[in-house]
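Below are the structure tokens for one structure; questions will follow.
The values are calculated or read from the model by the stated rules, or taken from the named source; none is laboratory data. As the structure is a prediction and not an experimental result, all values here were calculated from the model. Every residue, glycine among them, receives a Cβ derived from its backbone with ideal geometry; neighbour counts consider all protein chains shown.
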Amino acid sequence: METTAMNTSIISELNPLLNPLLDFSGLPRFNEIKPAHVGPAITELLATGRAVIAQVAAQTDAPTWSGFFAPLADTHEHLQRAWGQVGHLNAVCNSPELREVYNATLPLVTQYYTELGQHAGLYRQFKALRDSPSFSTLSRAQQKVINNEIRDFKLGGAELSNTDQSRFTAIRERLSSITSRFSDNLLDATNAWTYTTTDPAEVAGLPEDALAAAQATAAADHATPNGWTFTLHAPSYMPVLQYADHRPLRERLYRAHVTRAAEFGDAKLDNTPLIREIVQLRQELATLLGFASYAAYSLEAKMADTPGQVLDFLRDLARRAQPYARQDLAELQAFAHDTLGMTELAAWDYPYISEKLRVARYDFSENAVKQYFPESTVLPGMFQLIHNLYGLTVVATPAPAWHADVRFYSILDRDQRCIGQFYLDLYARSTKRGGAWMDDAITRRRTSQGIQTPVAYLNCNFAPPVGDKPAVFSHDEVITLFHEFGHGLHHLLTQIEELGVSGINGVEWDAVELPSQFMENFCWEWAVVEPMTRHVETGLPLPRALFDKMLAAKNFQSGMQTVRQIEFSLFDLHLHDDFDPNADQTALQLLDRIRREVAVIIPPDYNRFPNNFSHIFAGGYAAGYYSYKWAEVLSADAYSLFEEHGILDQPTGQRFWQEILAVGGSRPALESFIAFRGRPPNSDALLRHNGMTARAA
Ligand SMILES: [Zn+2]
């Protein structure tokens, strides 16, 4: 905005040549995008979108794909791409100016999508298109797009009478407010508690970094410069439970942690009444839409069909994992007795004893392993895997980016044609949000100019290189990289030409982790791992004996961990399916009943786990927590075909590409799975990968 005259600057910002956010001719012009471009570009795109909606909704001719849907898809693709670039920069290259325009523009975009989702005229046109003779001439992918749109309108309340619609909207608003209060209460309750000690005997056993952090907290908050202060945040709480020799300290923190936001503390922060209201409102919402339960409503757009199917899946897995969970517990008790002289174990002893047993059994240093995984061999190793599986070549390509550390690559097929491209932003920065994720920059689709090449963002938060030493990755980080690359390949190797079901678009929520978790399996294969390793100093590959130790440690306590996940999943599903929030039974009593059925460790009576289960009460996992295990089963079972035919078998790789990666959301995930695997999924491979078949139970 360096022009002097106000109106010239507005005109120039709307010119695609001068406002890079309005240029859709190729890759995003990341080197040119400025915060000042955001407002004008998004306002322009929203206005265009509204004009297109008004125009296509008012059409009186029978709606067709090209006359009604295509203009809508085009305009929304532009909005998605431009707003996607802004959101991406806000996440990886944050600045006060950008954050300000992002936060100012976000409500405009949200408002637009709300209007779109409730537009009665558009909904009528979608239904008319579905019921028209031309519908049968559309491709399967196109039909799926239209059917998905109609489904989403219905789930958004489009079929309701006016009275029901206003109740529906009121429920959604109330839910949005109380679910966010649930997480605020939990955070406030977590922050409200600290414990300070000046007695060195109480902190015995804690690692140096945990002690230093506790000392820093004490020095900052209290008049106890020589003390240690502990909080209920994971980086403070976890080390105490794992390492503190002082049993009463562990008990003190455990009790405080599992009673957060419950009736024992500040009444204003008690989540108990919110739990009841959330479940009641969700049930009412599902009933309004004609579903038997909220679980049935939640599964409508998922791969799993019915709550009964999910319950059977979970109970079958529980039955098969329980003997191993009991064996894990017996080993822990024997070790506690023989090595530590402990007999009566309590909830606050298990993490402590587990850590001691883990070290005794698989003593190797994470840091020693790390020295074998420099970036300079990990990336070529990962790209070589893609070459072996799919015959694809990954080549570095110049492109404008948002930071000097960002790399850009093209994926070439056997005929050297570029079929997809991706940005790789590996290192942590102060301007980048935490975690690792994949996002779509451009989606494959057919336009009037031909096929649009898909582009993905792969983002991680690994430590950057220091001095002239290359960046080195822990084995967990290598797994993370493979996981995100798996999401990326799902997006990039699609062969679908319709935006709504191309790549990861339109893939059922409980199946979307299949391609990513699938890739993780290769990080446990010697044939893939060995060539990826090269010690930063000696240049030697990872020793086989060290790899075997890593493999053995992988399944430590997998039985106990599995039944714990099943306990949470069963609780979530029953709560949203056959639990009556208006009857006398409480959510806690439901959890107790499930624990008695599947758990091997029963926590103390005062444990209020539901009060801090934000995944289902404040996050997006209501009647969906099962999807963690569900997706693990799918990815392990898909991978087992590679184990049968050879893990680098090209025909199997081609089939995975064609039947899973290429089809995106154009057909149900179950159909894709069966087309690849030749049968429906089962849990055998996951249990075997987790070491729950070979051991005698
Ligand atoms: Zn993922």
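From Ala360, Ala347, Ala399, Ala368, grab the single residue that is under 17 Å from Val536 (Cβ atoms) and not polar (S, T, N, Q).
Of Ala360, Ala347, Ala399, Ala368, the one residue that is under 17 Å from Val536 (Cβ atoms) and not polar (S, T, N, Q) is Ala368.
Here is a list: Ser627, Ser635, Ser640. Which entry is out of contact with any helix residue (DSSP H, G or I) (no Cβ under 7 Å at 6 or more places or on another chain) and either assigned by TED's automatic domain parsing to the domain that holds Arg255 or over 30 Å from Asp266 (Cα atoms) (or both)? Walk me through how you get there before you give the answer.
Numbers: Ser635 fails: out of contact with any helix residue (DSSP H, G or I) (no Cβ under 7 Å at 6 or more places or on another chain); Ser640 fails: out of contact with any helix residue (DSSP H, G or I) (no Cβ under 7 Å at 6 or more places or on another chain).
On inspection, the qualifying residue turns out to be Ser627.
Sticking with this one: Kindly provide the set of residues from the range 295-330 that are surrounded by fewer than 17 Cβ atoms within 10 Å (Cβ to Cβ), within 24 Å of Asp684 (Cβ to Cβ) and not polar (S, T, N, Q), ordered by number.
Asp305, Gly308, Asp312, Arg315, Asp316, Arg319, Pro323, Arg326
What are the pairs with Cβ atoms under 6 angstrom where one residue, in the range 434-454, is under 16 Å from Gly87 (Cβ atoms) and the other, located anywhere, is in a loop (DSSP other than H, G, I, E, B) and within 16 Å of the ligand (Cβ to nearest atom)? Sequence gap at least six, or different chains.
Close Cβ pairs (under 6 Å, with a partner that is in a loop (DSSP other than H, G, I, E, B) and within 16 Å of the ligand (Cβ to nearest atom)) amount to Thr443/Gly503.
Restricting attention to the range 457-471, and to residues there that are touching a residue at least 12 places away in the same chain (Cβ under 8 Å) and more than 16 Å from the chain's Cα centre (by Cα), which single residue is nearest to the ligand (Cβ to nearest atom)?
The qualifying residue nearest to the ligand (Cβ to nearest atom) is Phe462.
Continuing with the same structure: State whether the residues of the range 51-73 include one that is in contact with an Asp or Glu (Cβ under 9 Å, 6 or more places away or on another chain) and closer than 21 Å to Trp402 by Cα.
No, because not a single residue in the range 51-73 is in contact with an Asp or Glu (Cβ under 9 Å, 6 or more places away or on another chain) and closer than 21 Å to Trp402 by Cα.
Oh, and also: Name the residue, out of Ala583, Ala638, that is hydrophobic (A, V, I, L, M, F, W, C) and modelled with pLDDT under 95.
Being hydrophobic (A, V, I, L, M, F, W, C) and modelled with pLDDT under 95 holds for just one of Ala583, Ala638, which is Ala583.
Which pairs have Cβ atoms under 7 Å, sit 6 or more apart or on different chains, and link a residue in the range 517-529 that is outside the structural domain of Met438 (by TED's automatic domain parsing) and under 15 Å from Glu477 (Cβ atoms) to one that is part of a helix (DSSP H, G or I) and acidic (Asp, Glu)?
none
Given Arg688, Arg655, Arg679, which one is in a helix (DSSP H, G or I) and more than 24 Å from Arg444 (Cβ to Cβ)?
Arg688
Let me ask you something else. Could we say that Ala675 is surrounded by 17 or more Cβ atoms within 10 Å (Cβ to Cβ) and out of contact with any Lys or Arg (no Cβ under 8 Å at 6 or more places or on another chain) here?
So Ala675 fails the test.
Could you figure out which of (1) farther than 25 Å from Gly665 by Cβ; (2) β-branched (Val, Ile, Thr); (3) touching a residue at least 40 places away in the same chain (Cβ under 8 Å) isn't true of Val406?
The failed condition is (3).
Looking only at residues that are of a type outside the set (A, V, I, L, M, F, W, C) and more than 11 Å from the ligand (Cβ to nearest atom) in the range 484-495, which one is surrounded by the fewest Cβ atoms within 10 Å (Cβ to Cβ)?
Looking at residues that are of a type outside the set (A, V, I, L, M, F, W, C) and more than 11 Å from the ligand (Cβ to nearest atom), I get Gln495.
Go through the range 580-597 and give me each residue that's farther than 21 Å from Asp349 by Cβ and under 28 Å from the mean Cα position of the chain (by Cα).
The answer is Ala587, Leu588, Leu590, Leu591, Ile594.
Got a sec? Which of Thr105, Thr64, Thr43 is in contact (Cβ under 8 Å) with a residue 40 or more places away in the chain, of a type in the set (Val, Ile, Thr) and either in the same structural domain as Arg444 (by TED's automatic domain parsing) or under 30 Å from Tyr427 (Cβ atoms) (or both)?
Result: Thr105 is the single residue among Thr105, Thr64, Thr43 that is in contact (Cβ under 8 Å) with a residue 40 or more places away in the chain, of a type in the set (Val, Ile, Thr) and either in the same structural domain as Arg444 (by TED's automatic domain parsing) or under 30 Å from Tyr427 (Cβ atoms) (or both).
Do we have Leu481 as closer than 30 Å to Gly539 by Cβ and more than 11 Å from the ligand (Cβ to nearest atom) here? Walk me through how you get there before you give the answer.
Working: closer than 30 Å to Gly539 by Cβ: yes; more than 11 Å from the ligand (Cβ to nearest atom): yes.
Considered against the rule, which asks whether it is closer than 30 Å to Gly539 by Cβ and more than 11 Å from the ligand (Cβ to nearest atom), Leu481 comes out as yes.
Within the bounds of the range 426-445, is there any residue that is at positive phi and within 16 Å of the ligand (Cβ to nearest atom)? Spell out the reasoning first.
From the range 426-445, those at positive phi are 435; that's our starting set.
From what is left, the residues that are within 16 Å of the ligand (Cβ to nearest atom) are 435.
Yes: the range 426-445 contains one or more residues that are at positive phi and within 16 Å of the ligand (Cβ to nearest atom).
Shifting gears a bit: Starting from residues that are touching a residue at least 40 places away in the same chain (Cβ under 8 Å), polar (S, T, N, Q) and surrounded by fewer than 20 Cβ atoms within 10 Å (Cβ to Cβ), keep the ones in the range 559-585 and report whichever is farthest from Arg358 (Cα to Cα).
Asn582
Going by what's in this entry, would Leu98 be described as of a type in the set (A, V, I, L, M, F, W, C), surrounded by 17 or more Cβ atoms within 10 Å (Cβ to Cβ) and not in a helix (DSSP H, G or I)?
no
Checking the conditions here, which among Ser474, Ser516 is more than 16 Å from the ligand (Cβ to nearest atom) and either at pLDDT 95 or above or over 29 Å from Tyr621 (Cα atoms) (or both)? So that I can check it myself, show each step before the final result.
On the way: Ser516 fails: more than 16 Å from the ligand (Cβ to nearest atom).
None of the others qualify; the one that does is Ser474.
Please go through the range 235-250 and give me each residue that is buried (at least 16 other Cβ atoms within 10 Å of the Cβ) and in contact (Cβ under 8 Å) with a residue 40 or more places away in the chain, ordered by number. Spell out how you get there, then give the answer.
Filtering the range 235-250 for residues buried (at least 16 other Cβ atoms within 10 Å of the Cβ) gives 236-237, 239-244, 246, 249-250.
Of everything in the range 235-250, those that are buried (at least 16 other Cβ atoms within 10 Å of the Cβ) and in contact (Cβ under 8 Å) with a residue 40 or more places away in the chain turn out to be Leu241, Gln242, Tyr243, Ala244, His246, Leu249, Arg250.
Something else about it: Go through the range 74-94 and report how many residues are in a helix (DSSP H, G or I) and more than 15 Å from Leu499 (Cα to Cα).
10
All but one of (1) within 16 Å of the ligand (Cβ to nearest atom); (2) surrounded by fewer than 23 Cβ atoms within 10 Å (Cβ to Cβ) hold for Gln449; which doesn't?
It is condition (1) that Gln449 fails.
Moving on. Which number in (1) within 16 Å of the ligand (Cβ to nearest atom); (2) farther than 28 Å from Ala669 by Cα marks the one condition that Ala511 misses?
(2)
Here are Thr447, Thr494: which of them is outside the structural domain of Ser25 (by TED's automatic domain parsing), polar (S, T, N, Q) and in contact with a Ser or Thr (Cβ under 9 Å, 6 or more places away or on another chain)?
Details: Thr447 fails: in contact with a Ser or Thr (Cβ under 9 Å, 6 or more places away or on another chain).
Thr494 is the lone residue from the list that is outside the structural domain of Ser25 (by TED's automatic domain parsing), polar (S, T, N, Q) and in contact with a Ser or Thr (Cβ under 9 Å, 6 or more places away or on another chain).
Which of the residues spanning the range 405-426 are part of a loop (DSSP other than H, G, I, E, B) and either at pLDDT below 95 or over 28 Å from the mean Cα position of the chain (by Cα) (or both)?
Asp413, Arg414, Asp415, Gln416, Arg417
If you don't mind, another one. Is it true that some residue in the range 591-603 is of a type outside the set (Val, Ile, Thr) and part of a loop (DSSP other than H, G, I, E, B)?
So in the range 591-603, the residues of a type outside the set (Val, Ile, Thr) come out as 591-593, 595-597, 599, 603.
Next, only the ones that are part of a loop (DSSP other than H, G, I, E, B) stay: 599, 603.
Checking the range 591-603: at least one residue is of a type outside the set (Val, Ile, Thr) and part of a loop (DSSP other than H, G, I, E, B).
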